1. Working carefully through the options ASN242, ASN238, find the one that is open to solvent by 60 Å² or more (accessible area, probe 1.4 Å) and closer than 29 Å to VAL329 by Cβ.
2. For the range 331-364, which positions are in contact with a helix residue (DSSP H, G or I) (Cβ under 7 Å, 6 or more places away or on another chain) and basic (Lys, Arg)?
3. When you scan the range 54-72, do you find a residue that is more than 20 Å from the chain's Cα centre (by Cα), buried (at least 19 other Cβ atoms within 10 Å of the Cβ) and part of a helix (DSSP H, G or I), even just one?
4. If the requirement is being surrounded by 16 or more Cβ atoms within 10 Å (Cβ to Cβ) and free of Cβ contacts under 8 Å to residues at least 40 places away in the same chain, which of these qualifies: VAL370, VAL329, VAL335?
5. Within the set of pairs 6 or more residues apart or between chains, which connect a residue that is modelled with pLDDT of 75 or more inside the range 251-262 to a residue that is surrounded by 13 or more Cβ atoms within 10 Å (Cβ to Cβ) and outside any loop (DSSP other than H, G, I, E, B) with Cβ atoms less than 6 Å apart?
6. Sort out which residues of the range 28-53 are over 16 Å from SER100 (Cα atoms) and either open to solvent by 40 Å² or more (accessible area, probe 1.4 Å) or of a type in the set (Gly, Ala, Ser) (or both), and write them in order of number.
7. Does the range 309-318 contain any residue that is open to solvent by 10 Å² or more (accessible area, probe 1.4 Å), within 21 Å of ILE148 (Cα to Cα) and at pLDDT 90 or above?
8. So if I check each of LEU299, LEU292, which one is more than 25 Å from VAL251 (Cβ to Cβ), open to solvent by 30 Å² or more (accessible area, probe 1.4 Å) and at pLDDT 85 or above?
Amino acid sequence: MSAEPPAPPIRWAILFGVWTVYFCFGLTIAGLAPIIGPITRDLEISHTAMGGVLGIWQLTYIVAAVPGGSFLDRVGARRAIFLGAMIVALSGLLRGIADSAALLFVAVAIFGIGGPIVSAGAPKEIARWFKGSDRGFAMGIYITGPAIGSIVALSLTNSVLMPYFEGDWRSVLLLWSAVAALGACVWFAIASLPAARRHDPPVSTAKPRPQKEVIGELVRLPAVRLLLAMSVAIFALNHGLNNWLPEILRVGGMTPVEAGYWATVPTLIGIFASLTIPRLATPERRHLVLGLLAAGAVLACLLLWVAGQPALTIGLALQGIARSSLMTVAILTLVETKGVGEERAGTASGLFFSAAEVGGAGGPILLGLVYDATHSFDLSLWILAGVAAFLLLGTLRLKALQS
C-alpha cells in the first residue's frame, strides 16, 4: 500500500486567500450598521425602510445560493470566488454612491448574489486542499474571517474613519469597497500561482449535468435532508441571538453601553473556539462534537434567561462557542457525507446556505414578533432553547444515518 503524498505547502497560501475574501465578506456585512444614523438622515429614509435595506441581502441570498454553488462546481473555485468577491466589492461601491433608498436597496441586494459564491467556495476549497484534522482546523481558521471583519468595521468606523473623513459616511463605504476589491485580487493572485494551478482538478470535456438532476440526487440522501433542516435551525439560533443580544441584555437590566460591551463576549470567545473545536471534529468524533455544541447552545439560551451572574457570563461564553463552531462542523459533515464528495461540494454548500438563510431571516423576525406579543424575551429564549434541542436530536439521528 503506497503512502499518501505529502500535502502541498501552497495550501496555507490558499487558506490565507480564502480567509481574506471571507474577511471582506464580514466587513461588508457590518459596514452599514455603525452609520445607520447619518445614512437615514442624509437619504431621508425611515428606520422601517432601513430595516428592509439591511435584510434584503438575506432574501437574495436564499434565491442565489443554489445557482451560485452550481456555478462554482462548473467553473472552479479560482474564477468563481474571484467573481463572487468582486460582486461583494460592487455592492460596497454602489452603497457609497447611493443617493436614494432605492439605490441603497439594490446595492445591498447585490451582495446576496456574490455572497453565496464566497460562502460555498470556501468549504469547497478547504475540502480539496486539507484532509483529516487539518481540514477542521483550516475551516476553523477561515470562519474567523467574517467575525474579525465585523469587529474591524464596528470598532473603526465611528472611532477612526468617520472623524478622519469629516463625517462623510460615503467615503467609509467606498473604503470598504476598495478593501473588498483588493481581497478579491489577493485571492486570484494566490490561486493563479503555478504551485496552486498544478493541483487544479482536470477540466472535464463532458457536458455539465443539469442542475436540477444534481440537486435531486443530493436531496434524496436522508443525511443531506437532515443537515439542511439543521442548517435552518443553526442560522435561526445564531442570527436570532446575534441581532437581539444587546437588546436582550438591556431589557435584562444593563445600560446600553454595558449591553454593547457584554454583547462582544460571544464574538471574542467564538474566534478562539473556532480555531480549536473544528479541528477536534474528525470523522470518528464529529457527531460527538456536534452534539456537545448543540447541548451547549441549549444551556446558553437557558442561562441567558436566568440573566444574573455568574449564569450570564457562562451563557455568553457557551453561546460564543456554539455559534462559532456549529455551522463549521455541520458543513464539514455535509461535504464529507457519502454521495456528496468534493466534486459536488459547491452545489451541496449552496443548498446548505440557501436553506440556512431561511432561518437567518426568520430567527430575528420571530424574536421581534414574540417580544411585541409578550413584552419580554423570556419566551423567545425558551423557543431558541427548543431550536437547539432539535439540533441535539438531529445529531443523534444523523449518527444513526451515517453509521
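1. Working: ASN238 fails: open to solvent by 60 Å² or more (accessible area, probe 1.4 Å).
It is ASN242.
2. Answer for the range 331-364, where residues must be in contact with a helix residue (DSSP H, G or I) (Cβ under 7 Å, 6 or more places away or on another chain) and basic (Lys, Arg): just ARG344.
3. First pass over the range 54-72, keeping only residues more than 20 Å from the chain's Cα centre (by Cα): none.
Within the range 54-72 (the criterion being more than 20 Å from the chain's Cα centre (by Cα), buried (at least 19 other Cβ atoms within 10 Å of the Cβ) and part of a helix (DSSP H, G or I)), the answer is no, since none of the residues qualifies.
4. Values: VAL329 fails: free of Cβ contacts under 8 Å to residues at least 40 places away in the same chain; VAL335 fails: free of Cβ contacts under 8 Å to residues at least 40 places away in the same chain.
That would be VAL370, the only listed residue that is surrounded by 16 or more Cβ atoms within 10 Å (Cβ to Cβ) and free of Cβ contacts under 8 Å to residues at least 40 places away in the same chain.
5. TRP262/LEU249
6. Step one: filter the range 28-53 for residues over 16 Å from SER100 (Cα atoms), giving 28-31, 33-34.
Within the range 28-53, ILE29, ALA30, GLY31, ALA33 qualify.
7. yes
8. Values: LEU299 fails: more than 25 Å from VAL251 (Cβ to Cβ).
Every option except LEU292 fails the conditions.
The values are calculated or read from the model by the stated rules, or taken from the named source; none is laboratory data. Please read all numbers here as calculations on a predicted model, not as lab measurements. Note: ideal-geometry Cβ built from the backbone for every residue, glycine included; neighbour counts use all protein chains shown. For accessibility, only protein heavy atoms count, side chains too; no ligands or nucleic acids. Shrake-Rupley method; radii C 1.70, N 1.55, O 1.52, S 1.80 Å.
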